[in-house]
Every structure is written in C-alpha cells, then in structure tokens.
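What follows is a single structure, written as structure tokens, with notes after it.
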Amino acid sequence: MVFVAATVMVGGSYAILRASLPQTDGQRAASGLSAPVSIDRDGSGVPTIRGRDRGDVAYALGFLHAQERFFQMDLLRRKAAGELAALFGSQALDYDRDIRRHRLRAVAHEVSARLEVGARALLEQYTRGVNEGLTSLGAKPFEYWLLSQAPQPWRVEDSALVTLAMFLELQDHKADRDRFLGNLGLCLPESAVRFLVPSGTEWDAALDDSQFDRAPLPAPADFNPRQLSDDGEVAALALMTSDVSPSGIGSNQWGVPGGMTDHGGALLAGDMHLKLGVPNIWYRARMLWDEGERASDIVGVTLPGVPSLVVGSNGHVAWTFTNGYLDHSDAVLLEESADGDAYRANGNWQPYATYDEVIEVRGAEPITLRVKMTRLGPRLDNDAIGRPWAVAWAGQFAAAIDPLALVAFETARSVDEVLIAAPALGIPVQNILVADAAGQLGWTVGGKMPAGNAQSGPLSFAQAAQRWQSWRDPANYPQVRADAEQPLWTANNRVMGERSYLELGDAGLALGARAQQIRDRLASRDVFDVDAMLAIQLDDEARFLAHWRELLLTVLDEPAQRGNPARQEMRRLVEQWRGRADVEDVGYRLVRAFRIFLAEEAFGFLFASCRSLDKSLPYQRFVQWEAPLWAMVTARPEHLLNPKFVSWSAQFDAALTRVETYFSDKHLALNDATWGDFNRLNMSHPLSGALPLLSRWLDMPNTSLPGDDHMPRVQGPGFGASQRMVVAPGREEEGIFQMPGGQSGHPLSPFYRYGHDDWVTGRAAPLLPQDTRHTLRLEPLIE
C-alpha cells in the first residue's frame, strides 16, 4: 500500500508539472489582439513572432515570457521592490530592508504614470499578454507548487521594476565607492591615496590612446606605515581567496567598420557578462511586424518583464552594451538635527519625509520599516564613526527610468540615429556600440546622467543638490564615429580621455588589460569575418599574468627549491604553463594564487590604520589595484614593506608558502590542481540550494571552463558571458549566437538546456532561428 501511495503521489506531481509546460502548438483565442499572431519555434525553442503591429507582437512576447519564464520575471520585480521575504521568508529580510529604503515600487508607479499614451498602450498590451500566458497554463509554474505560493498577476508598473532590477544589478545604489574613498581620505595622506587609487595605469586602452600620469610611490616622510606597528602583527586584507571568481566585471564589445570586412558592412561583437543562473537572464526572440511605411524584423535577446529587444539587430543597425561604470550615484554626508528628524539643506533645516514600509514575510508577521527620505534620496545607516549619510542615485528618479527605452533602436536605420537617441534613454548608464549595414560604426554613452560634473568621494548636501538639479544635456555626451578602417572597443574600462567623458566620473572602471588585449587582436589583421570575431570572444590567453609568471620563477630559484620537493614541482608546473587560462593547466592557477596572496599581505598592512572606519575595506571592488601592487613589487620600498618580513624577498617567500599551504589544506596534489578543478560552472536555479535533491534536475552541468579575469573570455563558476553575439546588420543569416542555459525555464521542456553546450564549447551556433518545429497561432477573441 505504501508503494502504491508513493506511486500515486509521484504520478500526481509529475502530471501537475507537465500541466505547467508552455503551449507550443495549436491555436488559442487571445483577448486584446487586433489581428492573428503566429509563433514559430525552432528546434532550440527560439520563437519567431509575426504580427500586424508592434502592439500585437508585444502581446505575444508577453505571452511567451509568462509561459516560459514567469518565476524569473516575478523574482526580478520582487528584487527591485524589496518583496522577496513574502516569497522566501525571513532569510530574505535583510535584502528587503536594504532595498525598501529606496522605495522603488513607488518609483515604478511614478514611471508608469509618466508614460506617454502610445508607450503606455504598448506596455498595457504586453501586460495583457503576460497575464494571458500565465492564466492559460494548465497549472501554475512549478516553483510556486514547491513554495506553496500563488503567482500574482503582472502589472504595468512591474515592467518598470524589472528595469530597476537591472539598475540594482549594474550600479552602486548605495554609493559605497564614494564612502570608501572618503574613508581613505581620513586615514591616509593624500600622496598615499593618489598612489593606491590610480586614475590611470599602463594597461589603459582608451579609444583616443589617452594616458594619464602615474602617481609615484608615496615618500617615507608622507607615509611610513611601518612606524604605526610595533610588532608587525597586522591582519592581511581579505581581498579574496586564491580561487576567487572573477571580479564581477567582464562585458566586452567591439566592432569593425565596412573598410575592414569583405562585404563592406560593419561587423559587431558583444558579450554581456553577468551573474549566471537558471534560467539565463535573457530570452531569445525574432519579431516581425508591418506597421506604417516600414516593415520591421528584429532579432536578439529580450529581458523577461519588458517587451523590447535588449541587444540585437534590426537588419539596418545592430547594437551591444557594456556597463559604463560612470558616476551614477553620490554619497551625501548629512548635517542632522539633534533629534534626528531633520537635515540641513540650503542653509535651512528640512524635515525628513517619512514612510512606513510594510514588509510581508512568509510564515511570520509583517515587519514595518521606517524610511527617512531627503529630497535627493534615502537616509542610510550611520557609518562606523557615527556620521549620517544619504545617497543620490539615478535609479531613484522616475525621469531616469523607461522600461520601453530600447524600442527606439528597433526601427533605427543608421548609426547616427542610435547615437542621437542614446543619451536620453532610461536605462542604467552603458557604453553603446552600434554598427550599420552601410559600414558605419559608432560609440557613445547611453542613459541619463546628472548635469553636474562628477566628483570623487562624498559630497555635502549642497554639492549633491547642485549636481543633481537637472539632467546632462545630450549635446555634452561623448561620441566616436569610426573612420573607414578604425575598429572600436570597450570592456568596462576608461573609454576616452576627453573632457566630456571624464566629467561623467568613475564608479569603479575596470583595469584596461582586457580592453588592451581586444585592441591588439583587432590590430592584428586587416579584414574580419564572424569567425574571427568569435575567436576574440573565446580568447583565454592570460597576457595579464605573464610578468607575474616571470616574478614567480625568480622567487622559485635554486635556494628556494633546495630540499623542498613541493617547490621543485611548483617550478616545473609554472615553467610548463602555456600562457592560457586553460582547464588542464596547473601553472596558471599557481601564478594566479601567488599574485593574490602577495596582494593580501601587502595591502592589508597599508590599510591597517583604516580598519576603524571600514572593516570590510572593499578595495578590490572599486580600485585598479594591479598598478600600485606591481609598482611596489618592482621598486620594493622598505617603508611600504609589511613589518612581518625583514625584506621583500621574505614577503615573496611567504606568499609562496601560502600557495603551498592552500593546496595541501585542500588535500590536492599540485599536479592535480588544474584551473578546471576550480573553474567549474555553478549555474543553478534559485530553488536548488534549498532543495539539493533537485539540483541535478534543475541546474546546469558542473563543467570545467576556460577563461578568467583580465582576458576577453571572462569566466568564473558563477559569472561569465550571459550571451555572445556576432552580427553584420543586413547579414543576420551569417550571425553567431551563444547563450548559457536554454530558452525555457521549465525543466521538462526540451528547450531547458538546448544550446547550452554551444556556449560551453564555443561552437558557432546561428543567430537566426532555424527551421520551424512548432507553431502556435494566437487569434483575436471575438467578444
């Protein structure tokens, strides 16, 4: 009887699970359409949507998003609104408390209220499609069965929340970098800060070849931290473990104009790097409609929750993004009244606007959070020395957010049209690279920025109010239009040295090593095709670590090896390293670990006096620390040597010992310590951590992957290319596309993992959907 009962339960659960599968074939009536819409899926589940107008196509895309990805959409809106605890319980409370201070649901409501009539109609049509797709499933999505929850209908404002979720993902919403720099200014002399926080390095690879002067080593008379410690026992700065995932910065884009292709059209490559999860953040689609005087045919990726194409091609222009890391937020140091109810603004005391945010908690009573708002943004917690702070951030201003912003690109016909539209877009600030079929290529910054010039570190309220009083004039945004044989590239690095770019500030720009490697690859040949562009995307040569390999071999000299078989083996493996972040290579992992362990000791000592201000010391998050580290390693100044060591050679040896200890503690023989042993894909479903028995069913395979930081193929266990695309506008049939995971968010769907292996192996899969395998037809409901 027990066996029979168990069989019935399993069978019933399987039947419910199958009932929640998306509909891929047949015909169904749909309320709100003006004409029939066809949805053709190919063998990988990529849809081609054909409709009479953009509104009907948006409806069908919303239908597909809901059927394939509704739980993902729900998480995105909840992340932005600070409403995860209602779904997951108290474990999500800290996150919700942090986000609720920004009151982003209220911002999203204002965004939707500001939409023009046509834009609102398009978003309402998409919303109708989402809710039709959700309710027409035979059962609610499986995640809600596992959570014993019911999915909530989609609302127009939820698309604004999904857009805001990307602001949170891509921006420093609490201005942590400003506060970190402010703390450095309090605990270190100016010469030390200039050295430790460089504005430029030898790795810079700007489009205009601009270089900045390097700050010199601080003189002993200015900064001699050895005098601050009697016993030398200072804690190492926990930059990272030696096997850390990449820094979380990794997007690339580059293109060549018509003079560098056989066909005369421009060619574009882009790979946006993000945290990896199941399902993947993007949903592929091709959408066609015939509205007005021009027919439209667009292909690329969409973000479930919004109806526009994020990156892709419309046959005339193609576009890609990399995160700009420009100064989109400011830490505002407040002067507060004794009772804590007011702050000083314009010389007067202004009362905080206060709001009671009620946070629903699954399985517990609701929590009420009192939020205090200045007119620039929320009051944050006091810092370690009791100072009150607020933050001004673009994501809190409805005027800076538009869930339909990228619709403007869908019908653009030239590079110039995109460059003109880009500055006013309501998106997180991005580098936008655009190519057209006529062979033109251009770059600009997209997204709204405050009118005032950026400043490094915290601002007073008066300074912040001045900066944020209006939005920057689009005429003051930097732009580059490439010459006939001039490639363009960005990789989260400093892109230009001209005033219009530098005035936008630095919110944690990436070291230029990756951009430099891309630049040099583009200079290595005169003519490019799609295969040559893909080869750069898959480039895992570790040029960045070449000089560290030479240093490590110097440290592993004969005296260091004598009587030490482990070090003898280490030298052999480093000598055999082939210069790539290859899964079979041990030498790469050893060189990488040596550099990081040395950095932890060196920087931990230098920042010892700052720990009372900031225990976390997020130096690695916000600073291009390779330059000051290498300057110290090569100059070896005695006054900057950690007092635990009698010489720099001793410090190098200690880092070497930490490498040995690290692997012995892991019970891992050096010969088995390959890069692939660590760099295994950890791409999981949000629920698999709580339900480990389901992880094999829900997660992507734990595959060893090549690539790492500071090379085009940025790859870590949980971070990497969320897509790879190569396309020449007008020649989409030759385009290449790869994406981790599959189209569907349903584990019983044949499209749940389809295409994932192409991303793992780097196989050149087609951009356009292939032969139709399934057809669903949506017919207008006659009421």
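The values are calculated or read from the model by the stated rules, or taken from the named source; none is laboratory data. Everything quoted here is computed from the prediction, not taken from an experiment. No Cβ is skipped: glycine too gets one built from the backbone with ideal geometry, and neighbour counts run over all protein chains shown. Note: areas computed on protein heavy atoms with side chains; ligands, DNA, RNA excluded. Shrake-Rupley method; radii C 1.70, N 1.55, O 1.52, S 1.80 Å.
Brief remarks follow.
- Of ARG519, ARG499, all but one fail to be basic (Lys, Arg) and surrounded by fewer than 17 Cβ atoms within 10 Å (Cβ to Cβ); the exception is ARG499.
- Going through (1) within 30 Å of GLN227 (Cα to Cα); (2) hydrophobic (A, V, I, L, M, F, W, C); (3) part of a loop (DSSP other than H, G, I, E, B) one by one, LEU668 falls short only on (1).
- Looking only at region 428-443, and only at residues there that are touching a strand residue (DSSP E or B) at 6+ places or on another chain (Cβ under 6 Å) and not polar (S, T, N, Q), the one that is farthest from VAL495 (Cα to Cα): ASP436
- Subset of region 167-196 (residues that are of a type outside the set (D, E, K, R), surrounded by fewer than 22 Cβ atoms within 10 Å (Cβ to Cβ) and more than 21 Å from GLN620 (Cβ to Cβ)): PRO189, SER191
- The conditions of being on the phi > 0 side of the Ramachandran plot, under 26 Å from the mean Cα position of the chain (by Cα) and surrounded by 15 or more Cβ atoms within 10 Å (Cβ to Cβ) are met by GLY457.
- Candidate set from region 460-496 (those that are assigned to a strand (DSSP E or B) and among the hydroxyl-bearing types (Ser, Thr, Tyr)); member that is most open to solvent (accessible area, probe 1.4 Å): SER460
- Scanning region 370-385 for residues that are at pLDDT 95 or above and of a type in the set (Val, Ile, Thr) turns up VAL371, THR374.
- Scanning region 412-427 for residues that are open to solvent by less than 10 Å² (accessible area, probe 1.4 Å) and in contact (Cβ under 8 Å) with a residue 60 or more places away in the chain yields ALA412, VAL415, VAL418, LEU419, GLY426.
Every residue, every condition in (1) in contact with a Ser or Thr (Cβ under 8 Å, 6 or more places away or on another chain); (2) open to solvent by 10 Å² or more (accessible area, probe 1.4 Å); (3) in a loop (DSSP other than H, G, I, E, B), yes or no:
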site: ASP709; (1), (2), (3): yes, yes, yes
site: PRO712; (1), (2), (3): no, no, yes
site: GLN715; (1), (2), (3): no, no, yes
site: VAL726; (1), (2), (3): no, no, no
site: GLU733; (1), (2), (3): no, yes, no
site: PHE737; (1), (2), (3): no, no, no
site: PRO740; (1), (2), (3): yes, no, yes
site: SER749; (1), (2), (3): no, yes, yes
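- When the residues of region 612-630 are filtered to those that are over 17 Å from ASN224 (Cβ atoms) and in a helix (DSSP H, G or I), the one that is most open to solvent (accessible area, probe 1.4 Å) is ARG621.
- ALA484 without any contact (Cβ under 8 Å) to a residue 24 or more places away in the chain, of a type outside the set (D, E, K, R) and within 20 Å of GLY442 (Cβ to Cβ): no
- Residue within region 752-770 that is touching a His at 6+ places or on another chain (Cβ under 7 Å) and among the β-branched types (Val, Ile, Thr) present: no
- Filter pass, LEU551 being assigned to a helix (DSSP H, G or I) and either on the phi < 0 side of the Ramachandran plot or surrounded by fewer than 22 Cβ atoms within 10 Å (Cβ to Cβ) (or both): yes
- Neighbours by Cβ (under 7 Å, 6+ apart or cross-chain): first from region 341-363, without any contact (Cβ under 8 Å) to a residue 60 or more places away in the chain; second hydrophobic (A, V, I, L, M, F, W, C) and open to solvent by less than 70 Å² (accessible area, probe 1.4 Å): TRP349/ALA342; GLN350/ALA342; PRO351/ALA342; TYR352/ALA342; TYR352/MET373; ALA353/MET373; THR354/VAL371
- Flag if ARG370 is closer than 30 Å to GLY255 by Cβ, touching a strand residue (DSSP E or B) at 6+ places or on another chain (Cβ under 9 Å) and of a type in the set (Lys, Arg): no
- So ALA560, is it on the phi < 0 side of the Ramachandran plot, open to solvent by 30 Å² or more (accessible area, probe 1.4 Å) and of a type in the set (A, V, I, L, M): no
- Residues satisfying the criterion are present in region 72-82 (criterion: touching a residue at least 12 places away in the same chain (Cβ under 8 Å), more than 23 Å from VAL301 (Cα to Cα) and part of a helix (DSSP H, G or I)).
- Hey, GLY426 closer than 23 Å to GLY305 by Cβ and touching an Asp or Glu at 6+ places or on another chain (Cβ under 6 Å) or not: yes
- Within the set ARG78, ARG101, the sole residue that is within 24 Å of LEU698 (Cα to Cα), crowded, with 22+ Cβ neighbours inside 10 Å and not aromatic (Phe, Trp, Tyr) turns out to be ARG78.
- Scope region 684-706; condition farther than 30 Å from TYR588 by Cα, part of a loop (DSSP other than H, G, I, E, B) and open to solvent by 40 Å² or more (accessible area, probe 1.4 Å); matching residues: PRO686, GLY689, ALA690, LEU691
- Condition met for PHE603 (open to solvent by less than 30 Å² (accessible area, probe 1.4 Å), under 19 Å from ARG194 (Cβ atoms) and at pLDDT below 85): no
- Every residue from region 376-411 that is acidic (Asp, Glu) and buried (at least 18 other Cβ atoms within 10 Å of the Cβ): ASP402, GLU410
- Comparison of ALA29, ALA15 shows that the only residue that is open to solvent by 30 Å² or more (accessible area, probe 1.4 Å), under 23 Å from ALA139 (Cβ atoms) and assigned to a strand (DSSP E or B) is ALA29.
- Qualifying residue in region 228-244 (condition: closer than 28 Å to LEU170 by Cβ, modelled with pLDDT of 95 or more and under 19 Å from the mean Cα position of the chain (by Cα)): no
- Only a single criterion out of (1) open to solvent by less than 60 Å² (accessible area, probe 1.4 Å); (2) under 26 Å from GLN516 (Cβ atoms); (3) of a type in the set (Asp, Glu) is not satisfied by ASP436, namely (2).
- Every residue from region 113-124 that is out of contact with any Pro (no Cβ under 8 Å at 6 or more places or on another chain) and either among the aromatic types (Phe, Trp, Tyr) or open to solvent by less than 40 Å² (accessible area, probe 1.4 Å) (or both): LEU115, ALA119
- When PHE544, PHE528 are screened for being of a type in the set (Phe, Trp, Tyr), open to solvent by less than 20 Å² (accessible area, probe 1.4 Å), touching a helix residue (DSSP H, G or I) at 6+ places or on another chain (Cβ under 6 Å) and not in a loop (DSSP other than H, G, I, E, B), only PHE544 passes.
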